[in-house]
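S.K.: Mind looking over this structure? Questions follow.
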């Protein structure tokens with residue numbers, strides 16, 4: 001038997017097992033790339049940038065510890081690089097300029113459906129769905145802030161009043177006069193710095209939440225407050241953190257000449273301080289199963305089961321035919 005070549009040996013060592021991969025809660029936050037080529041070589045996944053001034057520069061990406069890669073305009077990626085990112089559990093999102101607007105996402109297919117099933121059960125039952133929406137509101141504004149019997153329409157009204165009051169307080173703090181939230185892609189550069197910074201920071205937040213949602217095996221499309229969009233659940237979860245993270249950041253950039261880029265950099269720099277990814281994972285699990293066991297499943301357990309309404313899950317990969 002021939003010994004493997006050096007390149008083959010490196011590739012085998014680089015291929016992760018499920019047990020080797022870091023948990024999403026322990027991952028780095030996100031990486032935004034544009035006007036760059038992402039490819040795979042014998043060492044790993046790298047980003048190549050070519051310029052007249054510096055020539056070709058190569059930077060290797062920490063794929064196994066990176067939760068989300070945002071690919072902006074001018075970015076290209078090879079099939080081998082995309083496959084490696086998927087094996088390492090890194091979510092890849094296709095975004096607009098500056099990370100604003102998310103068009104598509106790719107996720108690994110080796111995820112457990114435990115949390116997807118809990119999400120679907122909670123979403124399909126109207127009373128349970130309202131219970132989750134109420135819990136989301138109380139996570140934002142404090143326990144006991146929702147009177148018993150509050151409808152979803154009333155929840156939306158309460159949320160709107162709280163957010164407007166928050167805008168008003170921050171506008172007074174930074175002495176910028178009256179602020180009105182506006183998002184108009186057709187008139188993007190005519191908007192004020194606060195709106196530009198808020199849109200940019202929010203999209204980065206959506207990318208991180210999207211990565212956490214996919215890493216847990218949930219679907220972004222089944223929202224409890226938002227609906228009718230493939231990012232509905234992402235918007236639900238991201239709303240839990242805007243008042244604490246992105247809104248104050250945007251107002252602090254009211255005088256910036258480049259609010260979008262500054263918002264992305266400042267937001268990324270502050271994520272380690274807030275330990276956002278562990279919070280997102282914990283909050284999603286607590287919302288979908290507040291009374292259950294939220295311990296992560298053993299990665300060495302059987303990943304595929306067969307459904308049985310009487311006996312419960314049965315192990316896959318087994319011939320269940322009766323011996324004659």
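The values are calculated or read from the model by the stated rules, or taken from the named source; none is laboratory data. Treat the numbers as computed from the prediction; the structure is a model and nothing was measured. Glycine also receives a Cβ, built like all others from the backbone with ideal geometry; neighbour counts cover every protein chain displayed.
S.K.: Just one of (1) modelled with pLDDT of 90 or more; (2) out of contact with any strand residue (DSSP E or B) (no Cβ under 9 Å at 6 or more places or on another chain); (3) outside any loop (DSSP other than H, G, I, E, B) trips up residue 257, so point out which.
M.R.: (3)
S.K.: Suppose we keep only residues that are in a helix (DSSP H, G or I) and free of Cβ contacts under 8 Å to residues at least 24 places away in the same chain within the stretch 189-203. Which one would you say is farthest from residue 103 (Cα to Cα)?
M.R.: Among them, the one singled out is 190.
S.K.: Got a number for residues in the stretch 248-261 being in contact with a helix residue (DSSP H, G or I) (Cβ under 8 Å, 6 or more places away or on another chain), surrounded by fewer than 20 Cβ atoms within 10 Å (Cβ to Cβ) and within 18 Å of residue 96 (Cβ to Cβ)?
M.R.: Counting residues in the stretch 248-261 that are in contact with a helix residue (DSSP H, G or I) (Cβ under 8 Å, 6 or more places away or on another chain), surrounded by fewer than 20 Cβ atoms within 10 Å (Cβ to Cβ) and within 18 Å of residue 96 (Cβ to Cβ) gives 1.
S.K.: Anything in the stretch 204-247 that is in contact with a helix residue (DSSP H, G or I) (Cβ under 9 Å, 6 or more places away or on another chain), in a helix (DSSP H, G or I) and either under 21 Å from residue 138 (Cβ atoms) or not assigned by TED's automatic domain parsing to the domain that holds residue 283 (or both)? List them, or say none.
M.R.: Once the filter is applied, which keeps residues that are in contact with a helix residue (DSSP H, G or I) (Cβ under 9 Å, 6 or more places away or on another chain), in a helix (DSSP H, G or I) and either under 21 Å from residue 138 (Cβ atoms) or not assigned by TED's automatic domain parsing to the domain that holds residue 283 (or both), the stretch 204-247 yields 205, 209, 212, 213, 233, 234, 235, 236, 237, 238, 246, 247.
S.K.: Considering the stretch 112-140 alone, what residues qualify as being out of contact with any helix residue (DSSP H, G or I) (no Cβ under 7 Å at 6 or more places or on another chain), more than 19 Å from residue 231 (Cα to Cα) and in contact (Cβ under 8 Å) with a residue 60 or more places away in the chain?
M.R.: 112, 114, 140
S.K.: Something else: Does residue 276 satisfy the criteria of being touching a residue at least 40 places away in the same chain (Cβ under 8 Å) and within 30 Å of residue 122 (Cα to Cα)?
M.R.: Answer is yes for this residue.
S.K.: Name the residues in the stretch 141-162 that are in contact (Cβ under 8 Å) with a residue 60 or more places away in the chain and out of contact with any helix residue (DSSP H, G or I) (no Cβ under 8 Å at 6 or more places or on another chain), would you?
M.R.: Scanning the stretch 141-162 gives a single hit, 156.
S.K.: Determine whether residue 63 is at pLDDT 70 or above, in contact with a helix residue (DSSP H, G or I) (Cβ under 6 Å, 6 or more places away or on another chain) and surrounded by 12 or more Cβ atoms within 10 Å (Cβ to Cβ).
M.R.: Details: at pLDDT 70 or above: yes; in contact with a helix residue (DSSP H, G or I) (Cβ under 6 Å, 6 or more places away or on another chain): yes; surrounded by 12 or more Cβ atoms within 10 Å (Cβ to Cβ): yes.
Spelling it out, residue 63 is indeed at pLDDT 70 or above, in contact with a helix residue (DSSP H, G or I) (Cβ under 6 Å, 6 or more places away or on another chain) and surrounded by 12 or more Cβ atoms within 10 Å (Cβ to Cβ).
S.K.: Let me ask you something else. What pairs come out if I take residues in the stretch 236-257 that are without any contact (Cβ under 8 Å) to a residue 12 or more places away in the chain and pair them with residues that are surrounded by fewer than 20 Cβ atoms within 10 Å (Cβ to Cβ) and in a loop (DSSP other than H, G, I, E, B) whose C-beta lies under 7 Å away, six or more apart or interchain?
M.R.: That search, which allows pairs on different chains as well, returns nothing.
S.K.: Out of the residues in the stretch 269-306 that are assigned to a loop (DSSP other than H, G, I, E, B) and at pLDDT 75 or above, state the one that is surrounded by the fewest Cβ atoms within 10 Å (Cβ to Cβ). Before the answer, list the steps.
M.R.: Applying the first criterion (assigned to a loop (DSSP other than H, G, I, E, B)) to the stretch 269-306 yields 275, 289-304.
Keeping just the survivors that are at pLDDT 75 or above gives 289-291.
On the way: 289: 16, 290: 11, 291: 5.
The extreme case among them is 291.
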